[in-house]
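The values are calculated or read from the model by the stated rules, or taken from the named source; none is laboratory data. Bear in mind the structure is a predicted one, so any value in this text is a computation, not a measurement. Cβ placement follows ideal geometry from the backbone for every residue including glycine, while neighbour counts extend to all protein chains displayed. Protein only, heavy atoms only, side chains kept; ligands, DNA and RNA dropped before computing areas. Shrake-Rupley method; radii C 1.70, N 1.55, O 1.52, S 1.80 Å.
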Amino acid sequence: MRKIILSFLLLGLTVSASFAQKKVTSVFEVQGNRGARGLMPENTIPSMIKALENGATTLKMEVVISKDKQVVVSQEPYFNYVISTAPNGKEITLKNQKSFNIYQMNYDEIKQFDVGSKPNPRFPYQEKFRVEKPLLTDLIDKVEFFAAKRKKMTKPHYNIETKLIRNGDGEFQPSPEEFVELIMAIVKAKKLEKRVTIHSFDIRSLQYLHEKYPEIATSLGIDEKEDFENNIKALGFNPTIYSPYMPLVGKGLVDKCHAAGIKIIPWTVNTVKDIVYLKNLGVDGIVTDYPNLMAEIK
């Protein structure tokens, strides 16, 4: 009888140790937002490299489409007046910025714009230098080359957002279907299927992707207060990741995501205090402009 009890105790300890080990070794995903936007000009190759140097495990970026059907890394499908300088010296303002429509320009014209020299008042510590919006293909090539040179560096994941303007089809972007196909052509050519997530606030993009490429990880962006159940119902399937605006996240939402088998990765988390708070809630990762903050927590 004592032997049986002892066997059960040993089994219990083994199981407990196994669960403890899983908890300890689980990877907390650090997504460098637009690379390391707090430190470098956003959505540029130097920003992505800086994010990796500072511990990001995933590179979060937005992409748009040019007139010649190139996938360009950019937050907006036009040149944002806050960060952009036109090659001809013409001032880009809040009023006229949408006239600098990337979907109406070939990439040879797009790369003439400088998106790194103007001071960004939101990010006073950002390094300033002349730099262009890169093609997604060039960015991937440079990042992969950098990671390969670092022998101990794990190859990064890519979280690529389809950046669509509401009611902008045909004017600022192609159809969601064409948008997804242009991205996936690059993903397949670079053999990144297992290291990519397609993120969007536009459920049409994710619905098409899920139907055509169900093996690709998906991330649903959320920026408004709406019930988790309603958002999932509108999407029509469980995404790999639920990515809400940070103030919307509480323990209840974390538990709902996990109960549905969905990871939750909030955006944009830019203080040590908020990172610690969210980790204690049990989130699976964060999107941050400052991936270097993780070193302070460790």
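Of all positions in the stretch 85-93, none carries a residue that is closer than 22 Å to V269 by Cβ and either free of Cβ contacts under 8 Å to residues at least 12 places away in the same chain or open to solvent by less than 10 Å² (accessible area, probe 1.4 Å) (or both).
Each residue in the stretch 235-253 was checked for being open to solvent by 40 Å² or more (accessible area, probe 1.4 Å), farther than 23 Å from N270 by Cβ and part of a helix (DSSP H, G or I), and 1 of them qualify.
Of the residues making up the stretch 138-149, one or more are crowded, with 20+ Cβ neighbours inside 10 Å and either in contact with a helix residue (DSSP H, G or I) (Cβ under 6 Å, 6 or more places away or on another chain) or among the acidic types (D, E) (or both).
Residue check: is K279 of a type outside the set (S, T, Y), more than 30 Å from L135 (Cα to Cα), assigned to a helix (DSSP H, G or I) and touching a helix residue (DSSP H, G or I) at 6+ places or on another chain (Cβ under 9 Å)? Yes; evaluated as a whole, the condition is true for this residue.
Of everything listed in (1) at pLDDT 95 or above; (2) within 26 Å of R37 (Cα to Cα); (3) part of a loop (DSSP other than H, G, I, E, B); (4) not basic (K, R), the single unmet condition for E224 is (1). Taking the conditions (1) in contact (Cβ under 8 Å) with a residue 40 or more places away in the chain; (2) open to solvent by 80 Å² or more (accessible area, probe 1.4 Å) in turn, K256 satisfies each one other than (1).
Table: residues versus (1) in contact with a helix residue (DSSP H, G or I) (Cβ under 8 Å, 6 or more places away or on another chain); (2) open to solvent by less than 50 Å² (accessible area, probe 1.4 Å).
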position: K194; (1), (2): no, no
position: T197; (1), (2): no, yes
position: S205; (1), (2): yes, yes
position: A217; (1), (2): no, yes
position: I222; (1), (2): yes, yes
position: F228; (1), (2): yes, yes
position: K233; (1), (2): no, no
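For F129, the conditions (1) out of contact with any Asp or Glu (no Cβ under 8 Å at 6 or more places or on another chain); (2) surrounded by 13 or more Cβ atoms within 10 Å (Cβ to Cβ); (3) hydrophobic (A, V, I, L, M, F, W, C) are fulfilled apart from (2). Residues that are out of contact with any strand residue (DSSP E or B) (no Cβ under 9 Å at 6 or more places or on another chain) and closer than 22 Å to N159 by Cβ within the stretch 249-270 comprise just one, G261.
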